[in-house]
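Here the structure comes first, spelled out in C-alpha cells, and everything after it is commentary.
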Ligand code: HEM
C-alpha cells in the first residue's frame, strides 16, 4: 500500500517535469510550481532547459547565453533587454529574476499582446488561446510575411483597445511590441525578409516549445541587433 502511494506521488511529481534520463535540452512541460513569463520564447527556453527549468532565480547571463546557445541571437541584442527585465526582479538579487517577475505591467509587459490578455482582465501572463486564435487566423500561408505579421499585430491592438476600457499603449510599448514581432520573424524566418514558418511560430506560441521535431535548427549565421532593428522598422512601416 505504502509503495503504491509512493509510486503514485512520484508519478504526480513527474508530471510537468523531466523524467530521469531526459536529454539536457529535451522539451518538458512546466510543473505547477515552475515560474513562467508572458514571453513565449523565454518559456520555450526554460521548457528545453536552456534556462533553469523551474524558471526561478534566472540570471541575466543565463538569459543571454541561453538565447545565444539555442537561437544564435547576438548578446548585443539580448543583453540590454535582459538587464532591463531584471528591474522587475523580486528575488532579492538584482542580477537574477523569476520568469514570473516579467509580468510586471508597464516595464516590458504591455497591453495588446498577441497571445496574452491585458492586465485589466486579470491574467496578463498565461497563454490565452482565444486571443491567439484571433491573431493566428491571419497566418493562412506556410510562411508569415512582414505584412501579414504587421496586419495581425494591428488587428490585435485594435481589438484590445475596443475591449479594454483601461487600454494603455505608450510609444515605448508600441516599439517593444514591434520588436517582439521582429524577433519571431527573425528567429523563425529568413534574415531580415520575414517569411517565418507558420508552423514553427504557432508551436512557439501554443506549446512554448522549440520546433526541433518540425525541422528547426539553430541558425548558422548570427542574428544581429541590426537585423532586429531593421525588421522592427519594416513591421512599423507595414502597419
Ligand atoms: C532578453 C530576452 C527577452 C526578454 C527579457 C523578453 C521578455 C518579454 C516580455 C516581458 C514579454 C511580454 C510583452 C507583452 O506584454 O506582450 C515578451 C513578449 C514576447 N517575446 Fe520576449 N523576451 C526576450 C527574448 C525574446 C526572444 C529571443 C524572442 C524570440 C522569438 C521573443 C519573443 C517574444 C514575442 C513574440 C512576444 C510577444 C508575445 C505576445 O504578444 O503575446 N522574446 N518578451
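Here, each number is a calculation from the coordinates, and none is a lab measurement. If you're wondering where the values come from, they're calculated on a predicted model, not measured in any experiment. Cβ sites come from the backbone with ideal geometry, for glycine too, and all protein chains shown count toward neighbours.
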**Prompt:** Tell me, which residue of the range 63-99 that is touching a helix residue (DSSP H, G or I) at 6+ places or on another chain (Cβ under 7 Å) and assigned to a strand (DSSP E or B) is surrounded by the most Cβ atoms within 10 Å (Cβ to Cβ)?
**Reply:** 97
**Request:** Evaluate the following for residue 95: is it within 8 Å of the ligand (Cβ to nearest atom) and within 27 Å of residue 226 (Cα to Cα)?
**Result:** no
**residue 37 being in contact with a helix residue (DSSP H, G or I) (Cβ under 9 Å, 6 or more places away or on another chain), assigned to a loop (DSSP other than H, G, I, E, B) and within 18 Å of residue 188 (Cα to Cα)** = no
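For every residue, the table says whether it meets (1) within 11 Å of the ligand (Cβ to nearest atom); (2) touching a residue at least 60 places away in the same chain (Cβ under 8 Å).
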position	(1), (2)
21	no, no
43	yes, yes
55	no, no
104	yes, no
109	yes, yes
113	yes, yes
**Complete:** The condition from (1) crowded, with 19+ Cβ neighbours inside 10 Å; (2) in contact (Cβ under 8 Å) with a residue 40 or more places away in the chain that residue 60 misses is numbered (2)
